[in-house]
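The values are calculated or read from the model by the stated rules, or taken from the named source; none is laboratory data. Predicted, not measured: the structure shown is a model, and the values here were computed from it. Glycine also receives a Cβ, built like all others from the backbone with ideal geometry; neighbour counts cover every protein chain displayed. SASA here: full protein model, heavy atoms, side chains in, ligands and nucleic acids out. Shrake-Rupley method; radii C 1.70, N 1.55, O 1.52, S 1.80 Å.
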Amino acid sequence: MALKILVGGYTSIITALLYTPNGSGTAGSLSLLSQSNAGTNPSWLALNPSDSSILYANQETWGGQIWSFAIDPTTAALTKKSSGSTGGNNPAHFAVLFSGGNEIVAANVSTFSIKTRQA
């Protein structure tokens, strides 16, 4: 069974890869599916726990934000849906809460703050 992998980092893109195991216990193949513009430094990614077609990505910058994206089911290309402030600077980590996937808690490194917001 092939697996889609979404990769963020300290660039402006999120890359979607397809890993296809070969079934014999050795390494399979990894291929590029798509690359999507994702703002600045989308270094942390998380799926909505209630709807895996929605991805959240931080903007690890001064004036930090969390962006939400719709994921194309075939290519895994991303379409930006919304964005919101983390209430601080350089959010290095966030978590989507399991209360219906509609709240996010973000940890801002440069301002030593934690913020909860609606997803």
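Things worth noting here:
Yes/no matrix, rows are residues, columns are (1) among the basic types (K, R); (2) open to solvent by 40 Å² or more (accessible area, probe 1.4 Å); (3) over 15 Å from N41 (Cβ atoms):
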position	(1), (2), (3)
E60	no, no, no
Q65	no, yes, no
T79	no, yes, yes
H93	no, yes, no
V96	no, no, yes
N108	no, no, no
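- Subset tally (residues that are open to solvent by less than 40 Å² (accessible area, probe 1.4 Å) and either hydroxyl-bearing (S, T, Y) or touching a residue at least 12 places away in the same chain (Cβ under 8 Å) (or both)) for segment 26-42: 6
- Selection of segment 1-20 for residues being open to solvent by 70 Å² or more (accessible area, probe 1.4 Å), farther than 17 Å from Y56 by Cβ and not hydroxyl-bearing (S, T, Y) yields M1, L3.
- Selection of segment 47-62 for residues being within 15 Å of K81 (Cα to Cα), modelled with pLDDT under 95 and small (G, A, S) yields only S52.
- Condition check for G23: on the phi > 0 side of the Ramachandran plot, loosely packed, with under 12 Cβ neighbours inside 10 Å and not acidic (D, E): yes
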